[in-house]
Amino acid sequence: LPDHFMGYPIEVTGPSAEDLVAIHFGQSKLESLINTLYPMPLEILYVPPINGRLQTITKKMNVLAHVSPEEGWKNLKSFLTGAQKSLTVAMYDFGARHILEAVEQAAKKNTFESLTLAIQPGENVGKGTKANDLKDAEVVLTLKSQLSSKFHSAWIPIGTVHGWVASSYHIKVAVKDHASLWLSSGNWQSSNQPALEKLEDISPAFLIRNYNREWHIIVDNEELAQTYELFIQNDYEHNKDYKTNPEEVLDNL
């Protein structure tokens, strides 16, 4: 491989221990060993949805693959504001004010029915490119105030004992109108999704130095979107009574 591609340095990393076991001994061997490396399933509370089956989807679909910081926000904004009836979101961190505004814009439509958000409590904001970002609980309070009964949220408990997941709810997915989905490597924070129209410098060098390189796809396919939505709704339903008061979450941070 060359040292650089399109002006960007290339870094090659090796496989993990898990990758090597799967490659040389097969996936079944890896699964038989995994419980000796990680918490036993009974130590966490997660259960999949009753009808949650992951199957290969072969139907035609439109896929828009793009990257941040250059192309992320304009496509995410279009995705969010284009919602007519619903948004179902699972997010690790949600604090960017411009993303919150886009969600609010969609929710103001007369046709809009519901926004469901599953999110992990706690965030890293207040400095750098996230200096003006909100805390997750502040976003939840704002949406609760603006959308009232149309808004449903759940805090996802973390931990190997009594947690829904062992270490982090590290997911970034949104489903729109039960028909299309947005999937990303990055959160809804300004470091991941900068609003370029608000920046004085949008040169490639500045953006790459100051913002995260993230990968995103937007997929139009009802079957795939509804599969993701089923799992997000499952996370919500099982955890909607966990720390439902965002003021309490703010007090504990």
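The values are calculated or read from the model by the stated rules, or taken from the named source; none is laboratory data. All figures in this text were calculated on a predicted structure; none of them were measured in a lab. We place every Cβ from the backbone using ideal geometry, glycine too, and count neighbours over all the protein chains shown. The area values use the complete protein model at the heavy-atom level, side chains included, leaving out ligands, DNA and RNA. Shrake-Rupley method; radii C 1.70, N 1.55, O 1.52, S 1.80 Å.
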Condition check for Val139: of a type in the set (Val, Ile, Thr) and at pLDDT 95 or above = yes
Subset tally (residues that are part of a loop (DSSP other than H, G, I, E, B), over 19 Å from the mean Cα position of the chain (by Cα) and in contact (Cβ under 8 Å) with a residue 24 or more places away in the chain) for segment 105-130 = 4
Check on Lys150, at pLDDT 95 or above and basic (Lys, Arg) | yes
Strands (runs of 3 or more DSSP E) enclosed by segment 155-245 - at least 2 residues per element that are hydroxyl-bearing (Ser, Thr, Tyr) and surrounded by 20 or more Cβ atoms within 10 Å (Cβ to Cβ) = 180-184
Limited to segment 143-154, what total is found for residues that are open to solvent by 40 Å² or more (accessible area, probe 1.4 Å) and part of a helix (DSSP H, G or I)?
-> 6
Matching helices (runs of 4 or more DSSP H) fully within segment 1-81 where at least 3 residues are under 21 Å from the mean Cα position of the chain (by Cα) and modelled with pLDDT of 85 or more | 72-81
Contacts under 6 angstrom Cβ, first residue in segment 172-197 being at pLDDT below 95, partner polar (S, T, N, Q) and not in a loop (DSSP other than H, G, I, E, B), 6 or more apart | none
